Structure formats: structure tokens, C-alpha cells
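Engineer: I have a structure I would like to understand better, so I am pasting it below and will then ask my questions one at a time.
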Amino acid sequence: MNSDVQIAGDPLAIPHLLPPVPAHPATVAGFAGLARSIAADRASWAPLVRFDATTRWYHRLRRGPGYEVWLLSWVPGQGSGRHDHGPSSGVLTVLEGELTEHGTGGTRTLAAGAQRVFAPGYVHEVANDALAPAVSLHVYFPGLTEMPMHGAPHGARCAAPAPETAAP
């Protein structure tokens with residue numbers, strides 16, 4: 001009798017032998033946790049950061065089923081303008097520096113590590129009022145499709161650019 005055991009075919013093709021597919025976040029707490037885990041992995045995002053004195057710099061870092069993750073940089077004096085995120089909820093995490101959020105609940109200073117969670121329709125403005133550059137991470141769920149501006153002349157709305165270049 002031959003003691004060599006041979007397996008025919010690919011054992012990974014049998015679904016019950018595969019590890020479970022990690023589920024994407026399904027709750028606000030899950031998305032906040034996703035943002036914290038990305039923030040903690042500095043090596044994955046820090047080399048991508050660019051600072052631009054003429055406009056806010058942004059880069060889509062990740063896309064998953066039903067969400068997007070954006071990396072933004074802010075030089076002193078740059079701001080977003082008053083806006084909401086259309087049908088998207090979001091998590092804003094400050095990675096470096098300090099940002100100021102002006103919202104319906106007042107003004108908040110957000111230092112590195114701070115997180116803000118917001119629902120669809122939440123109107124705010126984010127700005128770098130500090131003297132040093134800042135970097136932030138933004139998770140939107142569902143992915144960002146529009147960014148209506150508030151306070152623009154005649155109630156103008158600013159639709160987000162195409163998904164590849166949407167600016168959070």
C-alpha cells in the first residue's frame with residue numbers, strides 16, 4: 001500500500017476550506033473603526049500626502065462596497081466652504097496637525113487623532129486655521145456623489161466631479 005497521499009484538484013476551490021471573506025463595515029462604529037485602523041497604518045498613507053498652496057489636495061485612498069476613503073491635506077488658510085455630503089454619512093479623522101470645524105453645534109478644534117461622525121445633510125465647514133499644515137482622512141458611506149455648497153450665491157449647488165476625481 002502506498003503511504004503517499006495525493007490530493008487531486010485545488011483544495012482552495014472548495015468553499016468550506018476557505019477563510020471567511022471579511023465583511024465591510026455595516027455600522028457607523030464600524031466605519032469609525034475602519035478610519036482608526038487606516039490612520040494607525042501611517043506607512044500606507046503618509047508617502048502619498050502632497051501639500052498644494054493653491055488648492056486643497058485630495059486622493060482617494062480606498063474604495064469598498066458602499067464606501068470610499070479619501071486622504072486630504074490642508075495648508076494654513078485652506079478650507080472647504082460650508083457644505084454637506086448629499087446622501088452620504090461620514091467619518092472625519094485628523095491625522096496630522098489641527099483643523100477647525102464650523103458646524104450647527106458651534107466651532108470645534110480637532111487635533112490629530114480627533115474623529116467626527118456625521119449623518120447625511122449635516123452642514124459644516126472644515127478649515128485649517130492653524131499655522132502648520134494638516135492631513136485628514138474621510139470615510140463616506142455610501143461613496144461621495146455630491147457635495148452641495150451652502151451660502152453660495154442664489155443657493156447654487158456644487159455637484160461632485162466624476163467618481164475618479166470627486167473632491168471631498
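The values are calculated or read from the model by the stated rules, or taken from the named source; none is laboratory data. These figures come from a predicted structure and were not determined experimentally. Note that we place each Cβ from the backbone using ideal geometry, even for glycine, and neighbour counts take in every protein chain shown. All accessible areas refer to the heavy atoms of the entire protein, side chains included, with ligands and DNA or RNA removed. Shrake-Rupley method; radii C 1.70, N 1.55, O 1.52, S 1.80 Å.
Engineer: Do you know which of the residues in segment 48-72 that are over 18 Å from Met147 (Cα atoms) and in contact with a strand residue (DSSP E or B) (Cβ under 7 Å, 6 or more places away or on another chain) is surrounded by the fewest Cβ atoms within 10 Å (Cβ to Cβ)?
Structural biologist: Arg50
Engineer: Checking the condition at pLDDT below 95, closer than 26 Å to Ala132 by Cα, among the small types (Gly, Ala, Ser) and touching a Phe, Trp or Tyr at 6+ places or on another chain (Cβ under 8 Å), which residue from Gly97, Gly66, Gly103, Gly81 passes?
Structural biologist: Gly103
Engineer: Looking at segment 19-42 only, could you name the residues that are modelled with pLDDT under 85 and not hydrophobic (A, V, I, L, M, F, W, C)?
Structural biologist: Within segment 19-42, Pro19, Pro20, Pro22, His24, Pro25 meet the criteria.
Engineer: Looking at Asp129, Asp41, which one is free of Cβ contacts under 8 Å to residues at least 12 places away in the same chain, open to solvent by 50 Å² or more (accessible area, probe 1.4 Å) and among the acidic types (Asp, Glu)?
Structural biologist: Asp41
Engineer: Next question. Could you list, in sequence order, all residues of segment 82-126 that are at positive phi and open to solvent by 20 Å² or more (accessible area, probe 1.4 Å)?
Structural biologist: Gly97, Gly106, Gly113, Gly121
Engineer: Return only the number of the condition from (1) touching a residue at least 40 places away in the same chain (Cβ under 8 Å); (2) assigned to a strand (DSSP E or B); (3) touching a Lys or Arg at 6+ places or on another chain (Cβ under 9 Å); (4) crowded, with 19+ Cβ neighbours inside 10 Å that Gly143 does not satisfy.
Structural biologist: Here Gly143 clears every test but (2).
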